[in-house]
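The values are calculated or read from the model by the stated rules, or taken from the named source; none is laboratory data. Quantities reported herein were computed from a predicted structural model and do not represent experimental measurements. Cβ placement follows ideal geometry from the backbone for every residue including glycine, while neighbour counts extend to all protein chains displayed.
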Amino acid sequence: GSAATEIQRNTSFSTLNVDDISYFKEILGEKNVIQDKDVLLNANTDWMRKYKGSSKLLLQPKTTNEVSQILKYCNSRRLAVVPQGGNTGLVGGSVPVFDEVKSCHVIINVGSMNNIIAFDKVSGTLVCEAGCILENLVSFLDDQGFIMPLDLGAKGSCQIGGNVSTNAGGLRLVRYGSLHGNVLGLEVVLANGDVLDMLGTLRKDNTGYDLKHLFIGSEGSLGIVTKVSILTPLKLSSVNLAFLACKDYFSCQKLLLEAKSKLGEILSAFEFLDNQAMDLVRYFWLEKLKVLNHLEGARNPLHSSMHNFYVLIETTGSNESYDREKIEAFLLRSMEDGLISDGVLAQDINQASSFWRIREGVPEALMKAGAVYKYDLSLPVEKMYDLVEEMRLRLGQTAKVIGYGHLGDGNLHLNISAPQYNDAIFAQIEPYVYEWTSKHRGSISAEHGLGLMKANKIFYSKSPETVQVMGSIKKLLDPNGILNPYKVLPYLLSSYH
Ligand code: FAD
Ligand code: MLT
Ligand code: ZN
């Protein structure tokens, strides 16, 4: 987009040459040094098809030592490196940028490092390589009677290393907390090739600065995560999922408070979508299912489709009859009090997954609907939906404004959907959305990160002094600025000539 013309390129990077390729082949073997055009096209394009790079080289190391050798070499040669996982990131962080003139970017994907190293049932600690796909970890743990502490719509493609690097939130954060709490240890390779072994499995370890936290959420700008140790909760036998309708946003808020107080310890998700989001998903699924000639699945499970808001409430506990009683009583009470206007409790696991498909299908439905301007905001819950309504007033008929997200965590996904990207629409959205968020002391990135999209917007949520310290840390760990250039921090802070 237009950002390409605003940003001054880092001229200190070298151009990739044949000797570089030979060196990489020597350390990784021919087949892990990828120059195939089709593979590279995918690796250069992000999930939203919004950000595109021109890298001519993708490396697929199989060991930490290989990652270390690659980085050491790239650092000495001043080749830029883009760490990539499942490439499901939503802020343009996972693809190279500004490399169309000079071929100076190498993409490194640790997807071949996908072994489970250890699992300890007593403590619930899983140690694995960073390239493990989230869904594969979920299946592995399922057999052991455990679950991952995070769950998200991209689980079939995203890698645990990518999740850690973005500090992904997702659908279970309300119960299990963020990766800053669940990640117990990491192995990370720094820009100069040094390997930091912080792969502990201890719950408690107050020996000096806890450096692993620097890498959780640093989006590949400080090092490459190669191994992860993570705390996993036991899989509890009783899971209930309710799909509910509310007449207004105020009722959604009251319902959240009620759910926290009446479902308490068993509450495991509290998600919402508005009717605009529901319309998009319904249309998307109807089209898809028509093709599949199968009309079950993700249709609106509620009889009437005229509700303003939909809420998914999940409970997870250990006592089936008690949990069921608890949620049924809660639903009855909420219905009587007028907080919910309609609702269904999933009767089996298939129905529960069809409810989840509605909520998890929103990002994909938005992609199919056309151009999408995506915002991921933390805001005080009572203010959150005001922004959606204000944006509807600002944009009128020019675009659809869609609100959904992790209500239980105060995280709004504000998405603006238009037939095409359009400067006039964009000018109505930015900087307004960021200024509004900043005014309400919210965060301009609740869970997706800053990537390229918001690197220069960091000051809306962080003070200059704080960003300055971030710049110093970046300089200390990556003095040549080779790791994920132009991402996370404003350009002049993250690159050095
Ligand atoms: P990538 O997209 O490949 O990379 C993301 C960032 O991490 C990049 O900056 C990259 O350089 C860096 N990175 C990747 N691997 C490494 C590594 N090993 N070492 C160092 N840096 C690395 N996010 C949420 O928080 N909650 C959600 O609910 C959620 N749902 C989603 C649903 C869909 C359908 C999609 C498409 C995305 C969703 N996301 C969500 C966004 C995304 O952040 C996550 O999908 C995921 O955490 C990214 O993992 P990945 O392996 O695809 O990383
Ligand atoms: C979600 O919660 O669905 C994800 O964060 C993806 C998105 O925001 O579109
Ligand atoms: Zn989300």
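Has region 472-488 got any residue that is farther than 30 Å from Asn75 by Cα and surrounded by 16 or more Cβ atoms within 10 Å (Cβ to Cβ)? So that I can check it myself, show each step before the final result.
Going through region 472-488, the residues farther than 30 Å from Asn75 by Cα turn out to be none.
No, the conditions are met nowhere in region 472-488.
Would you mention how many residues in region 153-182 are part of a loop (DSSP other than H, G, I, E, B), within 14 Å of ligand 2 (Cβ to nearest atom), in contact (Cβ under 8 Å) with a residue 24 or more places away in the chain and farther than 18 Å from Leu211 by Cβ?
9
Taking the options Gly170, Gly153, name whichever one is within 8 Å of ligand 1 (Cβ to nearest atom) and surrounded by 24 or more Cβ atoms within 10 Å (Cβ to Cβ). Even if it seems obvious, please write down each step before you answer.
Working: Gly153 fails: surrounded by 24 or more Cβ atoms within 10 Å (Cβ to Cβ).
On inspection, the qualifying residue turns out to be Gly170.
Is there any pair with a first residue in region 183-204 that is at pLDDT 95 or above and polar (S, T, N, Q) and a second that is surrounded by fewer than 17 Cβ atoms within 10 Å (Cβ to Cβ) and in a loop (DSSP other than H, G, I, E, B) whose Cβ atoms are under 8 Å apart and which are 6 or more apart or on different chains, and what are they?
Listed pairs, sorted by first residue: Thr201/Ser123.
Filter region 88-115 for residues that are β-branched (Val, Ile, Thr) and more than 22 Å from the chain's Cα centre (by Cα); which is nearest to ligand 1 (Cβ to nearest atom)?
Residues of region 88-115 that are β-branched (Val, Ile, Thr), as a first pass: 88, 91, 95, 97, 101, 106-108, 110.
This time we only want the ones that are more than 22 Å from the chain's Cα centre (by Cα), so: 101, 106.
Numbers: Val101: 22, Val106: 12 Å.
Ranking the candidates gives Val106 first.
Before we move on, is Glu382 away from ligand 3 (no atom under 15 Å from the Cβ) and surrounded by fewer than 19 Cβ atoms within 10 Å (Cβ to Cβ)? Break it down into steps so the answer makes sense when it comes.
Working: away from ligand 3 (no atom under 15 Å from the Cβ): yes; surrounded by fewer than 19 Cβ atoms within 10 Å (Cβ to Cβ): yes.
In short, yes.
Mind listing just one residue for me: the one in region 39-52 that is in contact (Cβ under 8 Å) with a residue 12 or more places away in the chain and over 20 Å from the mean Cα position of the chain (by Cα) and, of those, nearest to Asn484 (Cα to Cα)?
Residue satisfying both the conditions and the ranking: Leu40.
Go through Val183, Val188 for me and flag whichever is surrounded by 20 or more Cβ atoms within 10 Å (Cβ to Cβ), closer than 22 Å to Leu483 by Cα, within 23 Å of the chain's Cα centre (by Cα) and among the β-branched types (Val, Ile, Thr).
Values: Val183 fails: closer than 22 Å to Leu483 by Cα.
The unique qualifying residue is Val188.
Can you tell me which residue is surrounded by the most Cβ atoms within 10 Å (Cβ to Cβ) among those in region 278-293 that are modelled with pLDDT under 80 and within 25 Å of the chain's Cα centre (by Cα)?
Looking only at region 278-293, we keep the residues that are modelled with pLDDT under 80, and these are 285-293.
Those left that are additionally within 25 Å of the chain's Cα centre (by Cα): 285, 288.
Working: Trp285: 22, Lys288: 16.
The residue in question is Trp285.
Out of the residues in region 373-390 meeting the condition of being over 22 Å from Gly451 (Cβ atoms) and touching a strand residue (DSSP E or B) at 6+ places or on another chain (Cβ under 8 Å), tell me which one is nearest to ligand 1 (Cβ to nearest atom). Don't jump to the end; show me each part of the working.
First, the residues of region 373-390 that are over 22 Å from Gly451 (Cβ atoms): 380-386, 388-390.
Those left that are additionally touching a strand residue (DSSP E or B) at 6+ places or on another chain (Cβ under 8 Å): 384-385, 388.
On the way: Met384: 16, Tyr385: 19, Val388: 18 Å.
Among residues in region 373-390 that are over 22 Å from Gly451 (Cβ atoms) and touching a strand residue (DSSP E or B) at 6+ places or on another chain (Cβ under 8 Å), the one nearest to ligand 1 (Cβ to nearest atom) is Met384.
Please specify each residue of region 27-60 satisfying the condition of being over 18 Å from Pro96 (Cα atoms) and out of contact with any Pro (no Cβ under 8 Å at 6 or more places or on another chain).
As a first pass, look at region 27-60 and keep what is over 18 Å from Pro96 (Cα atoms): 27-32.
Those that are over 18 Å from Pro96 (Cα atoms) and out of contact with any Pro (no Cβ under 8 Å at 6 or more places or on another chain): Ile27, Gly29, Glu30, Lys31.
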